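Data block below; observations after.
Throughout, read-outs are computed from the coordinates displayed, never taken from laboratory work. Note that this is a predicted model, so its numbers are computed, not measured. Glycine also receives a Cβ, built like all others from the backbone with ideal geometry; neighbour counts cover every protein chain displayed.
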Amino acid sequence: MASVKIGPYNYSIEITNAQDTDGFDNERWGDCRSDKLRIRIHEQADGEIATVVLVHEMLHALEYLMGQDLGEPVIRALSPLLVCALEDNGVDLTPLADIIGEARK
């Protein structure tokens, strides 16, 4: 099972094509349920988009652990900027892409 560690918790990573089930719909690329330790990514999110979606949902998990609500507009703006800043400064995000690939199996 694909997972990422966020704080002391392992969040499972699922690829889904769910429509309007359990709070997930096709208007969103992903969701994070900290109460279930689960991150879901829509199957149509691919490549760089999937990586940004994963980082986006990881930020939601972090805000949950911090007891903060940064708000969707902040997380939506921050996630692609964070991915870009990390890659532009030599951070290899291949492990995140590998986790997404493992979840697709």
(message) Taking the Cα centre as origin and putting +1 on Lys and Arg beta-carbons and -1 on Asp and Glu beta-carbons, what dipole magnitude results for region 3-104, to the nearest 20 debye?
(response) 280
(message) I need two numbers for the chain: Rg to one decimal and Dmax as a whole number, Cα atoms only, in Å.
(response) 12.9, 39
(message) Using Cβ counts within 10 Å as a stand-in for footprinting exposure, how do I13, I49, I39 rank, fewest first?
(response) I49, I13, I39
(message) Relative contact order for region 3-104: what percent, with Cα pairs under 8 Å and sequence separation of 6 or more?
(response) 27
(request) Determine the calculated [θ] at 222 nm for the chain from helices alone, applying -39500 (n - 2.57) to every DSSP H run no shorter than 4 residues and normalising by the residue count; nearest 500 deg cm²/dmol. (result) -15000 deg cm²/dmol
(message) Using 0.36 nm times the number of residues separating V74 and S12, minus their current alpha carbon distance, what extension gain do you get?
(response) 19.9 nm
(request) Could you line up L54, L65, L82 from fewest to most neighbouring Cβ atoms inside 10 Å? (result) L65, L82, L54
(message) Run the numbers for L62 and E87: contour at 0.36 nm per residue of separation, minus the present Cα-Cα distance, in nm.
(response) 7.0 nm
(message) Using Cβ counts within 10 Å as a stand-in for footprinting exposure, how do C84, C32 rank, fewest first?
(response) C84, C32
